[in-house]
Amino acid sequence: SFVYAAPNLIFDEEPVGWPGWSPYRTMNLGLDLQGGSHLLLEVQTGPVIKELLEAAVSDARRELRRERVNYSRLAVDGNSVVVELTDAGQVTLAQELLRKVNTDLVLSQTGLVLRLAMNDTVLLARRQSIIEQSIEVVRRRVDETGVAEPTIQQQGVDRIVVELPGVGDPD
């Protein structure tokens, strides 16, 4: 085992002129043996969800105005879009228009108030999609630096662990 590990102790790069019968490739040492950087990144999914809901408000406003549906309030409220209508005769038309705005949002009604809400399943799927996209962005940026065998993976619900063996400066 010492013969196979010797190139790691002697050389920083693959050796030139080393006998062909002997092992010459160095092993990539992990973070525990080589040292490096360990980063824990938090993905902020809230702003992306809010942006999605604000886009739904914009689309709903456009559709309601195009069909001349009167409303007194149209806004984001938590994880939903709230529309307060002024005319009870336009509720059915408003429901049809709002169903077209975003198929992932669930429509509910209380009197003249219509609510497009994001259910828990859709919310979790969106958050997971955001985290996966963030992991890919981090992976591309790390790959550009040329780090050998980085570890980039999700930890928990909203965090990404990045381990960079041999990188002393995490910046």
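For Gly36, the residues 5 or more places off, or on other chains, whose built amide H falls under 5 Å of its own are Gly166.
With a Förster radius of 30 Å applied to the beta-carbon distance between Leu93 and Glu54, the computed FRET efficiency rounds to 0.80. Rolling a 1.4 Å probe across the protein heavy atoms gives the range 48-170 an accessible surface of 59 Å² per residue. Backbone geometry of the range 101-113 corresponds, through the Karplus equation with coefficients 6.51, -1.76 and 1.60 at θ = phi - 60°, to 3J(HN,Hα) couplings of 4, 8, 6, 7, 8, 9, 8, 9, 9, 9, x, 9, 9 Hz, x marking Gly and Pro.
Using a probe of 1.4 Å on the protein chains alone, the accessible area found for Ser37 is around 10 Å². If you take every residue apart from Glu67 with its C-beta less than 14 Å away from the C-beta of Glu67, what net charge results, scoring Lys and Arg +1 and Asp and Glu -1? Counting the neighbours of Glu67, the net charge comes to +3. Measuring how big the range 114-161 is from its alpha-carbon positions, Rg and Dmax come out at 14.7, 54 Å. State log₁₀ I(q)/I(0) for the range 69-171 at q = 0.13 Å⁻¹ as given by the Debye formula over alpha-carbon point scatterers of equal weight, solvent excluded. Each listed q corresponds, in turn, to -0.63. The string of couplings for the range 79-91 from the Karplus curve (6.51, -1.76, 1.60, θ = phi - 60°) is 9, 8, 10, 10, 10, 9, 7, 9, 10, 5, x, 9, 4 Hz, one whole number per residue in order, with x for Gly and Pro. Measuring nothing but protein heavy atoms, the accessible surface of the range 43-145 at 1.4 Å probe radius is 45 percent carbon and sulfur.
For the range 37-119, the residue among Val76, Gln95, Leu105 whose Cα projects farthest onto the positive side of the dipole built from Cβ charges is Gln95. Rounded to the nearest Hz, the phi-derived 3J(HN,Hα) couplings of the range 143-159 under the Karplus curve 6.51 cos²θ - 1.76 cosθ + 1.60 (θ = phi - 60°) are 4, 5, 7, x, 5, 7, 6, x, 10, 10, 8, 6, 10, x, 7, 9, 10, where x marks glycine and proline.
The values are calculated or read from the model by the stated rules, or taken from the named source; none is laboratory data. Because the structure is a prediction, the values reported are computed rather than measured. So basically every Cβ, Gly included, is an ideal-geometry build from the backbone, and we count neighbours across all protein chains shown. Please note that ligands, DNA and RNA were not included when accessible areas were found on the heavy atoms of the full protein model with its side chains. Shrake-Rupley method; radii C 1.70, N 1.55, O 1.52, S 1.80 Å.
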